[in-house]
Amino acid sequence: MVCGLGFYTACTGIENIDEAITLLEQNNWDLVAAINGVIPQENGILQSEYGSETVPGPAFNPASHPTPVPTSSSSSSSSAFRPVMPSRQIVERQPRMLDFRVEYRDRNVDVVLEDSCTVGEIKQILENELQIPVSKMLLKGWKTGDVEDSTVLKSLHLPKNNSLYVLTPDLPPPSSSSHAGALQESLNQNFMLIITHREVQREYNLNFSGSSTIQEVKRNVYDLTSIPVRHQLWEGWPTSATDDSMCLAESGLSYPCHRLTVGRRSSPAQIREQSEEQSTDVHMVSDSDGDDFEDATEFGVDDGEVFGMASSALRKSPMMPENAENEGDALLQFTAEFSSRYGDCHPVFFIGSLEAAFQEAFYVKARDRKLLAIYLHHDESVLTNVFCSQMLCAESIVSYLSQNFITWAWDLTKDSNRARFLTMCNRHFGSVVAQTIRTQKTDQFPLFLIIMGKRSSNEVLNVIQGNTTVDELMMRLMAAMEIFTAQQQEDIKDEDEREARENVKREQDEAYRLSLEADRAKREAHEREMAEQFRLEQIRKEQEEEREAIRLSLEQALPPEPKEENAEPVSKLRIRTPSGEFLERRFLASSKLQIVFDFVASKGFPWDEYKLLSTFPRRDVTQLDPNKSLLEVKLFPQETLFLEAKE
């Protein structure tokens, strides 16, 4: 890293070490991209050794810059690119075109200018677009801090694409009548906070809602930087942000993005110590001859990997918290830190306990089972960075793992976490596997355990150490997959046979149940029918008994039939029944018509069910007054009547 930093500053002429490190970080320590970001390709300064292709650059005078040249003819001991020192003389070149995206409140303005233009010319263009006077405009977002209007863009060493934003502190604020509505709108907006960690020169782009508080921002930064809130030293908060409980919408932050810088509060002694370390680093840059960097290529590690290891060493955030109580929370931090170190293209780590990973991988249907891959990380191993960046994050490995494996991870860097995993390993895999992991040396990490679930136990198919290649890793994963597939086919066959037997048994049980239900329903229907018949029979008997009782009482209440020769006038009535029979009886002419009705009812023909009709003239006798005498209703001396059932 030191050699690369010296090479970069020598090529670009940037004397500010912090600025050089920042530009290298922005280009992920890619020297070619970082140099071409400052000096365009048409005026580049690198000459490639691969073939005859040349990246043009300024003229170089060997006599003015003597440089020791290695005498060895072996290409493996030299770096991929040979530095050509820039000439002291002024070199004319074609101007570069720079793209700027400028944000102001809810507007975005795109500006394209040559790098020979000044900052003031950008403001003049923005004055026409935003209708804001140049004198009222503050153009922010420069990575080198505030700049003057007369500053030439070329002197700022800007990349091709840049993002700026405009502040207008001198313009009057919105009217008070719309303040409440504007505040409510700000609460619903999302603010992009670009936070620079000063000690490691690293940027974090964090999104917060307008309703989030400053305290919440500081707590999130603590999770990323491990700097406690009370030790955080901030730059960039607006003067109105005086209380940590204030929400972002009220704090005066620039919308949609705002830049902040955070560092750790240091004592005077620590500041002096840091200054001494920085001066030592500068001395190392000036005295380095590049031997260490050239030696790295002998082991197949390119400069990007060396820089990656160096930059990862600067990070203070551990992969997993020490004495992690909740495995799910620990793996959330592991996944976030892994992504920040090695990028988003990595295996999908299962979030949850090891037991939950077993349930997901093994305790499902045979067709849905997968192998369990346990990744054991160790930050102190020299193989970790290369294994993670070159093998574990390879697209072919990531795709194969996501399709066929459940991947669970654990960090063994801390002794407490190592002891906890060994306890889990002893419980799930036995003492032999636990002892195997316990005896592994630090430089043998990281490890990849391939686990296959069986009926009664879990079997470790393979233990893959970190000193491997992508092809070898893929071959060993595929070999484990072949063993698993053969076992899975047997399990699927057994499961299908078991399900077939269970289906037959279920069908038989269901048929038997339906048969029982049908028999029971038939029996219950028959019982209901018998009960209904019995009930109707009882009602019929009761009705007959009641009618018989009424008939007997009426019969007993009838006056005796008068004789033919009687002193009083006698009426002789002849009554024809519906069946064709005739009822004959003599009544006193003075007897009431009701006695005739009672006589007919005593014979089984109640007057509420039958009507009594006369022939000439035809009339319904039951409609006459029953209290009148037979003489009065003209049923004297004799009359023939007939009974007819009422409708």
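The values are calculated or read from the model by the stated rules, or taken from the named source; none is laboratory data. Bear in mind that the values here come from a model prediction, so they are computed numbers and not experimental data. FYI the Cβ positions are ideal-geometry reconstructions off the backbone, even for glycines, and counts take in every protein chain you see. To get the accessible areas, we keep the full protein, side chains included, count just its heavy atoms, and leave off ligands, DNA and RNA. Shrake-Rupley method; radii C 1.70, N 1.55, O 1.52, S 1.80 Å.
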| request: Per residue of region 563-578, in order, report the coupling 6.51 cos²θ - 1.76 cosθ + 1.60 (Karplus, θ = phi - 60°) as ³J(HN,Hα) in whole Hz, putting x for Gly and Pro. | output: 7, 5, 9, 9, 5, 8, x, 10, 10, 9, 10, 10, 10, 9, 7, x
| task | Using 0.36 nm per residue of separation minus the Cα-Cα distance, give me the extension gain between W237 and I132 in nm, one decimal. | result | 35.4 nm
| field | Highest to lowest packing among 490-496, 597-603, scored as the average C-beta count within 10 Å | value | 597-603, 490-496
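In Å, what Kirkwood hydrodynamic radius results for region 185-264 from the alpha-carbon pair distances?
Numbers: mean 1/r = 0.0801 Å⁻¹.
Taking every pair of different Cα atoms in region 185-264, averaging 1/r and inverting gives 12.5 Å.
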| query | Ignoring any ligand, DNA or RNA, what whole percent of the accessible area of region 97-167 comes from carbon and sulfur when the probe is 1.4 angstrom? | reply | 45
| Using 13 Å as the cut-off for backbone N distance, which residues of region 383-408 belong to the label zone defined by a point 7 Å from the Cα of Q465 along Cα→Cβ? | 383
| query | Per residue, how many Å² of accessible area does region 570-645 show with a 1.4 Å probe? | reply | 54
| remark: For region 570-645, the charge dipole (Cβ of Lys, Arg +1; Cβ of Asp, Glu -1; about the Cα centre) points to a positive end, and the Cα of T640, P626, G604 closest to that extreme belongs to T640
| Amide H of A409: which non-local residues (sequence gap of 5 or more, or other chain) have their own amide H closer than 5 Å, using H built in the peptide plane? | F350, Y375
| Long pairs among K572/K646; K563/K611; K592/K646; K123/K218; K541/K634, criterion Cα-Cα beyond 31 Å | K123/K218; K541/K634
| Using a probe of 1.4 angstrom, how much of the accessible area of region 185-264 is carbon and sulfur, in percent? | 45
| query | Along region 109-124, what does the Karplus equation 6.51 cos²θ - 1.76 cosθ + 1.60 (θ = phi - 60°) give for ³J(HN,Hα), rounded to whole Hz, x for Gly and Pro? | reply | 10, 9, 10, 10, 9, 6, 6, 7, 7, 10, 5, x, 5, 4, 4, 5
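Can you tell me the dipole magnitude for region 570-645 around its Cα centre, using point charges on the Cβ only (Lys, Arg +1; Asp, Glu -1), in Debye to the nearest 20?
Working: 12 positive and 10 negative charges, 60 e Å.
With only Lys, Arg, Asp and Glu charged at Cβ, the dipole is about 280 debye.
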| Under 5 Å between amide H atoms, partner at least 5 residues away or on a different chain: which partners does S211 have, H built in plane at 1.01 Å? | none
| said: At 7 Å along Cα-to-Cβ for each site, give me the label-to-label distance between K160 and N188 in nm. | reply: 3.9
| Taking θ as phi - 60°, what are the ³J(HN,Hα) couplings along region 231-246 by the Karplus curve (6.51, -1.76, 1.60), each to the nearest whole Hz, with x for Gly and Pro? | 9, 7, 10, 9, 9, x, 5, x, 5, 6, 7, 9, 10, 5, 7, 6
| message | So, for region 327-469, what is the accessible surface per residue at a probe of 1.4 Å, expressed in square angstrom? | response | 42
| Residues of region 453-475 with amide nitrogen under 11 Å from the 7 Å Cα-to-Cβ point of E482? | 475
| Amide H to amide H under 5 Å from L371: which residues, 5+ apart in sequence or cross-chain, H placed 1.01 Å off N in plane? | I406
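Given R₀ = 51 Å, FRET efficiency for D415-A366 by Cβ-Cβ distance, to 0.05? Before the final figure, lay out each step's value.
Working: r = 40 Å, r/R0 = 0.78.
After rounding, the FRET efficiency stands at 0.80.
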